[in-house]
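Worksheet: one structure, shown below.
Readers should treat all values here as calculations from the given coordinates under stated rules, not as data from a laboratory. No experiment lies behind these values; they were computed from the predicted model shown. Glycine also receives a Cβ, built like all others from the backbone with ideal geometry; neighbour counts cover every protein chain displayed.
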Amino acid sequence: MAKTETLIGFAVKAKKAIFGADRVEGNKTAELIICCRSASERTIRNIALLKTGRLPVIISEKPLEDIVYKKNCKVIGITDKQFAKAILESITENFTMA
């Protein structure tokens, strides 16, 4: 497992992550958004609009449900600044900046 995936897993276990596009869009505490490549066009477009505001967005080539072990997970918001910074610094080939 890549370092980026491990850090995402740590953030989830530490309860520093929120799941789902609606929750991420409505949450003001997210520091980083991770979106699955298999999410719908509408979801990706809405998440991209958040990026223009203030948030970095990462697109995952690997299904997020395989990383966080939550069925049908397409969008994650990382709420901790330190986890977000560490994840951004460790981006691997399975992740791209949006």
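For this structure, a couple of remarks:
- Ile59 passes every criterion in (1) outside any helix (DSSP H, G or I); (2) among the hydrophobic types (A, V, I, L, M, F, W, C); (3) within 14 Å of Ile91 (Cβ to Cβ); (4) touching a helix residue (DSSP H, G or I) at 6+ places or on another chain (Cβ under 7 Å) apart from (4).
- Failed item in (1) loosely packed, with under 15 Cβ neighbours inside 10 Å; (2) of a type in the set (A, V, I, L, M); (3) in contact with a Ser or Thr (Cβ under 9 Å, 6 or more places away or on another chain), with Leu7 passing the rest: (1)
- The number of residues in the range 85-98 being of a type in the set (A, V, I, L, M) and without any contact (Cβ under 8 Å) to a residue 60 or more places away in the chain comes to 2.
- Count of residues meeting criterion [free of Cβ contacts under 8 Å to residues at least 40 places away in the same chain and either of a type outside the set (Phe, Trp, Tyr) or more than 19 Å from Lys3 (Cα to Cα) (or both)] in the range 65-84: 5
Yes/no matrix, rows are residues, columns are (1) surrounded by fewer than 19 Cβ atoms within 10 Å (Cβ to Cβ); (2) touching a Pro at 6+ places or on another chain (Cβ under 7 Å); (3) assigned to a loop (DSSP other than H, G, I, E, B):
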{"site": "Ala39", "(1), (2), (3)": "no, no, yes"}
{"site": "Arg42", "(1), (2), (3)": "yes, no, no"}
{"site": "Glu65", "(1), (2), (3)": "yes, no, no"}
{"site": "Lys71", "(1), (2), (3)": "yes, no, yes"}
{"site": "Lys85", "(1), (2), (3)": "yes, no, no"}
{"site": "Leu88", "(1), (2), (3)": "yes, yes, no"}
{"site": "Thr96", "(1), (2), (3)": "yes, no, no"}
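- Close pairs from the range 24-40: first aliphatic (A, V, I, L, M), partner assigned to a loop (DSSP other than H, G, I, E, B), Cβ under 6 Å, at least 6 apart: Val24/Ala30; Ala30/Thr79; Leu32/Pro56; Ile33/Leu55; Ala39/Lys74
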